[in-house]
Amino acid sequence: MGGQPALAVRGLHKCYGSIAALGGVDLEVGEGELVGLLGPNGAGKSTLVKIACGLVRPSAGTATVRGARAGSADAQRSLGYLAELFRFPDWCTADELLALHQQLAGSDGGAAERRDLLARVGLAEVAAQRVGTMSKGMQQRLGLAQALIGDPRLLLLDEPTSALDPAGRRDVRALLEGLRERGVAVLLNSHLLSEVELVCDRVAIIARGELVAAGTPAQLAHAGGVEVETAAGPRVFAQARREDVPRIVRELVAAGDDVYGVRVLTSTLEDAYLEAVDGAGPAVDA
């Protein structure tokens, strides 16, 4: 399947009765690419991920995983999935849980794979601990380990850092960066914009069931003017860009102003997100 994108979504529609959860979404995730999927609650993010997993059938359009139809055996062998709301049996140990999921995934990695995965998510010392005695953060790490069983080439992660403290989120970022270096693609559904901005190559923003913005975090965050500190106080030139700074300073000095500092103002990913979804209004829970 060389040259195929890890995930390709074309004209994806999904209706639940008279309610349109997705209204024609086009999205690609390339091999080794980390793409952040953002949007308000009910925007259609979870529906898109469930279609990619084969859990939900689209009303129209296509979704393929490395060239195979989403939900097919070939597609399932290529992906790993961590749902936002998951529950593992309390009586299982970490090792037993991974062994169960190895059977479900058809992985023959055995004990060596389980040890490696637990080590990668920082749970090497608790292989024999029962899930019911683990903190929520530990269970989140265990969920990441089970998503990595079988060495999938595409990971679909739904809020993978929601239960983690800052150190845990840092560890997950390092894990995702390591996966990218190995050519593993990741679609990361998250409400933590700061995390997405730090780790993702591209961002896709969905609102009202449609893709309303896409690009790198730097592309989505645009210039927001120039602020100049003068003797009379700060002055903001809202329409100015970085290349306008020398001219602005020359004109201020020529007019007799003393200039003490200049700052180019840029919007953040949060600004871009709010701008993209502004006016979305209430949406269905999708």
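Quick look at the numbers
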quantity: Charge-dipole axis of the chain as Lys and Arg at +1 and Asp and Glu at -1 on Cβ define it, positive-most pick from 72, 200, 233; calculated: 72
quantity: Assigned charges on the beta-carbon of Lys, Arg, Asp, Glu; the chain dipole about Cα centre (debye); calculated: 700 debye
quantity: Packing-based order for 124-132, 172-180, using average beta carbon neighbours within 10 Å, highest first; calculated: 172-180, 124-132
quantity: Stokes-Einstein D (µm²/s) once Rh is taken as the Kirkwood radius of the chain over alpha-carbon pairs, at 20 °C in 1.002 mPa s; calculated: 102 µm²/s
quantity: Electrostatic dipole magnitude of the stretch 223-266 [Cβ: Lys, Arg +1; Asp, Glu -1; Cα centre; debye, to 20]; calculated: 160 debye
quantity: Antiparallel DSSP beta bridges within the chain, percent to nearest 5; calculated: 65 percent
quantity: Residues whose placed amide H lies under 5 Å from that of residue 230, excluding near-sequence neighbours; calculated: 235, 260
quantity: Simple Cβ-charge dipole of the stretch 149-286, Lys/Arg +1 and Asp/Glu -1, about Cα centre, in debye nearest 20; calculated: 360 debye
quantity: Relative contact order for the stretch 223-266, counting Cα pairs under 8 Å that sit 6 or more residues apart, in percent; calculated: 54 percent
quantity: Packing rank of 137-146, 231-240, where each peptide gets the mean count of other beta carbons within 10 Å, highest leading; calculated: 137-146, 231-240
quantity: CD proxy at 222 nm, helix term only [per DSSP H run n ≥ 4: -39500 (n - 2.57); per residue of the chain; nearest 500]; calculated: -9500 deg cm²/dmol
quantity: Computed lengthening from residue 191 to residue 90, 0.36 nm per intervening residue step minus Cα-Cα distance; calculated: 33.6 nm
quantity: Options 89, 25, 155, ranked by Cα towards positive dipole end of the stretch 7-219, top entry (Cβ charges); calculated: 25
quantity: Residue (of 166, 7, 138) at the positive-pole extreme of the chain, dipole from beta-carbon charges; calculated: 7
quantity: Contour excess over end-to-end distance, with Cα ends at residue 128 and residue 243 and 0.36 nm allotted per residue; calculated: 35.4 nm
quantity: Full-stretch length increase - residue 104, residue 254 - with 0.36 nm per residue and alpha-carbon distance subtracted; calculated: 46.6 nm
quantity: Modelled FRET efficiency - R0 35 Å, residue 219 with residue 18, Cβ distances, 0.05 increments; calculated: 0.45
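Read-outs: derived from the displayed coordinates by stated rules, not from any lab. Everything quoted here is computed from the prediction, not taken from an experiment. Glycine gets a Cβ as well: all are built from the backbone with ideal geometry, and neighbour counts include every protein chain shown.
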